[in-house]
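Read the structure below first, then the notes.
Quick note: the coordinates plus some simple rules give every number you see, no bench work behind them. Keep in mind it's a predicted model, so treat the numbers as computed, not measured.
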Amino acid sequence: MEEAPVTVQPPSPDGGRRVAIRGEYAGIAYHLLDVVEFLRRAGLPESDTTLDDPGLIEWRGGGPEAWAADE
């Protein structure tokens, strides 16, 4: 199985999640719209239906609904 091109790290204490696209740091996401923007900038699909696609995004430490470190 091929690795997902996008990796979203677990939430930090402030709720931000580091995002990497194709192994390159893309920024800190504080909510789903930030992830969508990073996908758009990278030319990747950005529709809501793809945010839970494990072939596109590997969510570490919680899925797309987890934005606080204690979730």
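Which ³J(HN,Hα) values, rounded to whole Hz and listed in residue order, are derived for the range 3-11 from phi using the Karplus coefficients 6.51, -1.76 and 1.60 in 6.51 cos²θ - 1.76 cosθ + 1.60 with θ = phi - 60°, glycine and proline given as x?
After applying 6.51 cos²θ - 1.76 cosθ + 1.60, I find 5, 5, x, 10, 10, 10, 6, x, x Hz.
For the chain, set up a GNM with springs between Cα atoms under 10 Å and report which of 58, 24, 37 has the largest fluctuation.
Of 58, 24, 37, the most mobile in the Gaussian network model is 24.
To the nearest 500 deg cm²/dmol, what mean residue ellipticity at 222 nm is calculated for the chain from DSSP H runs of n ≥ 4 alone, each contributing -39,500 (n - 2.57), summed and divided by the residues?
-4500 deg cm²/dmol
Just to be sure I understand: with springs between alpha-carbon atoms less than 10 Å apart, which residue in 23, 15, 61 has the highest mean-square fluctuation in the Gaussian network model of the chain?
Among 23, 15, 61, the largest GNM mean-square fluctuation belongs to 23.
Take the alpha carbon atoms of the range 6-59, find their radius of gyration, then divide it by 2.2 N^0.38 Å using N residues; give the quotient.
1.01
Calculate how steeply helix 32-42 sits against the longest principal axis of the alpha-carbon atoms of the chain, using the helix alpha-carbon long axis, and give the answer as 0 to 90 degrees to the nearest 10.
For helix 32-42, the angle is close to 30 degrees.
For the chain, set up a Gaussian network in which alpha carbons nearer than 10 Å are linked by springs, and say which option among 29, 42, 20 fluctuates the most.
Result for the chain, Cα springs under 10 Å: 42 fluctuates most.
Find how much the distance from residue 31 to residue 4 grows on full extension, using 0.36 nm per residue of separation minus their present alpha carbon separation; answer in nm with one decimal.
7.8 nm
Among DSSP beta bridges whose residues both lie in the chain, state the antiparallel percentage, nearest 5.
75 percent
At 0.36 nm per residue, minus the direct Cα-Cα distance, what do residue 60 and residue 12 gain on full extension? Give it in nm, one decimal, please.
16.1 nm
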